[in-house]
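In what follows, a single structure is set out as structure tokens and then discussed.
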Amino acid sequence: MKDLAVRLAALDADAGAALRVIAYFDGLAENRAGLQAIVRGAAVLAGCPARLDDRSRRVHVRVDPAGRAAPDPSAVDERWMRTPVVPDASAILWLERIGEAGPVEAMILERAAGAARAVLDRTRGRAPSADPALVELIVDASAPPEVRRQAAASMRLSESGRFRAAALPSGPRVVPAGATSAIAGRTGIGPAEAPPELPSPAAGSRAGIGPAVAPGDLPASYAAARIALRFAADGTAEDPGPTVVRHEDLGGLALLADLPDTAEVPDLRALDHATAAGPWVLSTLHALAEAGSLRAAATASRLHHSTFQDRITRAEHLLGWTIRDPHGRLRLQLALALRRLRRHPPT
């Protein structure tokens, strides 16, 4: 390698220097060097201070060009050369030099970041959100129990802990049982991490949440979460309703998910007919189904009470049944739930 670097340097100084960088960090990796040695190598080779900041693991390593540790709590300069060490950019390697990275500096960043990533995974554990495949495996009922146990161990899920599976359109998640909200864009978390937030209605993200179970029972929790996801609305004018649904809150409504999509439901057909009359119909019906009274529904809709009553009268005419008494409101609630199920078929 050294001979090749010398020959390349005679032809192209950057190519020869890049090859020496590769050989240097390969040597560190072979010797299982630590983070300090890796950041030191980046600083010395680049001729400027280098630092590694990992927020999730609370790691901060900084070395000056002479190879001496030089901790610096000051904020980074976004103009410095940098590269993410992990995909979510929670760990970043910096060269404290302003400007675009040249070929050699780019190679230093790339090789040092790769070496640092391997050390972080080996010594401090991979963040549970880093590998979606682990979450898919732990909620897979067809996977052998021992394989799922290994996945749970890799995610640092305590065997004595309680967790919920969450179903999102983008895939499964796993959250601690005590989390009151679910995940936005993360794969799963271990019990030591702060609970992530559930998608809010404003974000337009749907989620179904399964019951709290031991890690070994997460496939059953995920099956329930997938049912709950079908009852979750888009939170739009075309599909109003809660965007996050917990399976245990469904009660007997969950049985509707077993109804074939081809089943003839007159009330659902009547609802489709009514909603075709105008965009106001669906929002009006949903407001009444969710509220405890006409006045409360009018307030939620930001309409005058008399205006809302007029809309209800028109909607009842379109539906063909009254929705002001308990029986009629139950029919409406069931029809709205069935409409949501038809909009969100099982996957």
Within segment 238-259, the count of residues that are open to solvent by 70 Å² or more (accessible area, probe 1.4 Å) and under 15 Å from L285 (Cα atoms) comes to 1
Per the filter on segment 139-178, residues touching a Ser or Thr at 6+ places or on another chain (Cβ under 9 Å) and either among the acidic types (D, E) or within 11 Å of P219 (Cβ to Cβ) (or both) are V139, A165, P172
Given the conditions (1) under 16 Å from R226 (Cα atoms); (2) at pLDDT 90 or above, every one holds for A115 apart from (1)
Going through segment 260-280 in order, the residues found to be under 23 Å from W321 (Cα atoms), open to solvent by 70 Å² or more (accessible area, probe 1.4 Å) and in contact (Cβ under 8 Å) with a residue 60 or more places away in the chain are D272
Going residue by residue through segment 40-48, is there one that turns out to be farther than 16 Å from V21 by Cβ, more than 29 Å from the chain's Cα centre (by Cα) and not aromatic (F, W, Y)?
no
Self-check item: Residue in segment 299-314 that is within 25 Å of A254 (Cβ to Cβ) and not in a helix (DSSP H, G or I) present
Solution: no
Scanning segment 90-103 residue by residue, the ones that are open to solvent by 40 Å² or more (accessible area, probe 1.4 Å) and in a loop (DSSP other than H, G, I, E, B) total 2
Exception for H305 within (1) open to solvent by 40 Å² or more (accessible area, probe 1.4 Å); (2) modelled with pLDDT of 85 or more falls at (2)
R342 vs (1) among the basic types (K, R); (2) assigned to a loop (DSSP other than H, G, I, E, B); (3) touching a residue at least 40 places away in the same chain (Cβ under 8 Å): all pass except (2)
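The values are calculated or read from the model by the stated rules, or taken from the named source; none is laboratory data. Quick caveat, the model's predicted, so the values are computed rather than measured. Note that we place each Cβ from the backbone using ideal geometry, even for glycine, and neighbour counts take in every protein chain shown. In case anyone asks, the SASA skips ligands and DNA or RNA and just uses the protein heavy atoms, side chains included. Shrake-Rupley method; radii C 1.70, N 1.55, O 1.52, S 1.80 Å.
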